[in-house]
1. Considering the stretch 21-39 alone, what residues qualify as being surrounded by 12 or more Cβ atoms within 10 Å (Cβ to Cβ) and outside any helix (DSSP H, G or I)?
2. Step by step: first the residues of the stretch 116-136, then only those that are open to solvent by 20 Å² or more (accessible area, probe 1.4 Å) and within 16 Å of the ligand (Cβ to nearest atom), then the one that is farthest from W305 (Cα to Cα). Which residue is that?
3. Taking the stretch 217-260 only, how many residues are crowded, with 23+ Cβ neighbours inside 10 Å, within 15 Å of the ligand (Cβ to nearest atom) and over 13 Å from the mean Cα position of the chain (by Cα)?
4. So, in the stretch 224-277, how many residues would count as being touching a strand residue (DSSP E or B) at 6+ places or on another chain (Cβ under 6 Å) and not in a loop (DSSP other than H, G, I, E, B)?
5. Can you tell me which of G283, G264, G303 is among the small types (G, A, S), more than 23 Å from the chain's Cα centre (by Cα) and surrounded by 23 or more Cβ atoms within 10 Å (Cβ to Cβ)?
6. If you go through the stretch 139-179, how many residues are open to solvent by 40 Å² or more (accessible area, probe 1.4 Å), part of a loop (DSSP other than H, G, I, E, B) and either within 15 Å of the ligand (Cβ to nearest atom) or at positive phi (or both)?
7. Consider the stretch 40-54. How many of its residues are more than 16 Å from the ligand (Cβ to nearest atom), surrounded by 17 or more Cβ atoms within 10 Å (Cβ to Cβ) and of a type in the set (A, V, I, L, M, F, W, C)?
8. Looking at (1) out of contact with any helix residue (DSSP H, G or I) (no Cβ under 9 Å at 6 or more places or on another chain); (2) of a type in the set (A, V, I, L, M); (3) not assigned by TED's automatic domain parsing to the domain that holds Y90, can you tell me which one L345 breaks?
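The values are calculated or read from the model by the stated rules, or taken from the named source; none is laboratory data. The structure presented is a predicted model; accordingly, all values stated were derived computationally and were not measured. Glycine gets a Cβ as well: all are built from the backbone with ideal geometry, and neighbour counts include every protein chain shown. To get the accessible areas, we keep the full protein, side chains included, count just its heavy atoms, and leave off ligands, DNA and RNA. Shrake-Rupley method; radii C 1.70, N 1.55, O 1.52, S 1.80 Å.
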Amino acid sequence: MDSNADDDAPAERHTSDHRTGHEYAHKRDDTAPLATLRDRFDIPDELYMDGNSLGPISEDAKRTLDRAIDQWRELGIQGWTEAEPPWFWYGERLGDELAPLLGAREEEVVVGNSTTVNIHTLIGTFLDHLGPDVPRGVLVNELDFPTDHYAIRAQLRQRGLDPDEHLHVVESRDGRTVETEDVVAAMDEHDVGIAFMPSVLYRSGQLFDLERITEAAHERGILAGFDLAHSIGVVPHKLSDIDVDFAVWCSYKYLNAGPGAIAGLYVDERHFDVTPALSGWWGHDKETQFELNLEFTPADGAGAWQIGTVPVFSAAPLFGSIELVREAGIEAIREKSLALTSYLLFLADERLAERGFAVGTPRDPDRRGGHVALEHSEAERISQALRNRGIIVDFRPPNVIRVCPAPLYVGFEDVLDVVDELCEIVDEKAYEQYETKSEVT
Ligand SMILES: *Cc1c(COP(=O)(O)O)cnc(C)c1O
């Protein structure tokens, strides 16, 4: 990770002054890779630092959405088979296109449903599939995004398993991060059959070591599943190589496929013979789907976990937005992402610490996803003040401002601008004119 090493190295600190200046940031943007891709996006505010919640529209995503709308107009129902690509195959085609971002075989990846629904079907599927001697407990952590727990608890309940007993929650030591060794220590083969962890914690941005967690789970006869919502499109994955059993993600964050865009899932090929818990005709073997047999014959691959008709307009923009990511290259995206978050951490140390901000994100680049959590006792009102100045970030209770320099459309000078504004807001107490209220997101 040479690209960002200079921002972290203490030896560089004494020469750091120039790096807090605009000339430096501007120069880095001039020479930075990916800088030209920003023109392909249409960004609503001056500074959009919220791409880990909802990515902005690109001309590429709009083009493939418009294509589907034109096909609807021109082909009507024939679009299912005559459109290019045929709507009927959207789930599989998009799965093929996403596979390289996941380090998976094409048939192991499909898009369909929403993330929450995919958690329901995959947790349900693998709870049913566990051997008779394997405990049907699921291991999660206390800093998870809530929907994951809601879905898992519901799946446990539906199997007559008390969620309070069967959902095992790894605790955080500091309220920000979860130690991998604590996850591993909680993998008790007498209690746990499935470990389900995020790749990146949504609040602090901690990146987990998927390989180590998967390996430790398998050593104990436990299945390993992951929620990649905050890493797909910004962190490369190698799910097949490291033998992950299953995974889910959404496409509206770093993949920029639009609000409520179709989600995706991965099932390792060794599980292709397992019956999906939430079956539907869209997961039927495609060759015979329209024979409309009452008996369900699952597709031979991850496609079997699709449920109902693919929502064409929620899927179409993903074709264009994946193209953009592929053009940039996921390795280059990760490298620039780390350079940007590293620069933000440097500026936070130099200028924000003295203004009451703490950094909630791990310093080690190998443990950092694509966003940075800045903590402040006035976080809620400060984020409102930022919004009012055309800078979009988000607030996560009780005290976190998430700043996401998404590398496809955010540059170094943008990062510096955000820090300038934060300093000004705190120095002038500009946040005092706002009220605290818990935001609904
Ligand atoms: C964003 C996110 C989700 C979203 O789920 P939806 O079903 O798309 O609403 C789920 N899990 C995590 C960890 C997320 O970050």
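1. Hits for the stretch 21-39 are A32, P33, L34.
2. Ranking the candidates gives T116 first.
3. 3
4. Going through the stretch 224-277 one residue at a time, the tally reaches 12.
5. Going through G283, G264, G303 in turn, just one is among the small types (G, A, S), more than 23 Å from the chain's Cα centre (by Cα) and surrounded by 23 or more Cβ atoms within 10 Å (Cβ to Cβ): G283.
6. Here the count works out to 4.
7. 3
8. That leaves (1) as the condition not met.
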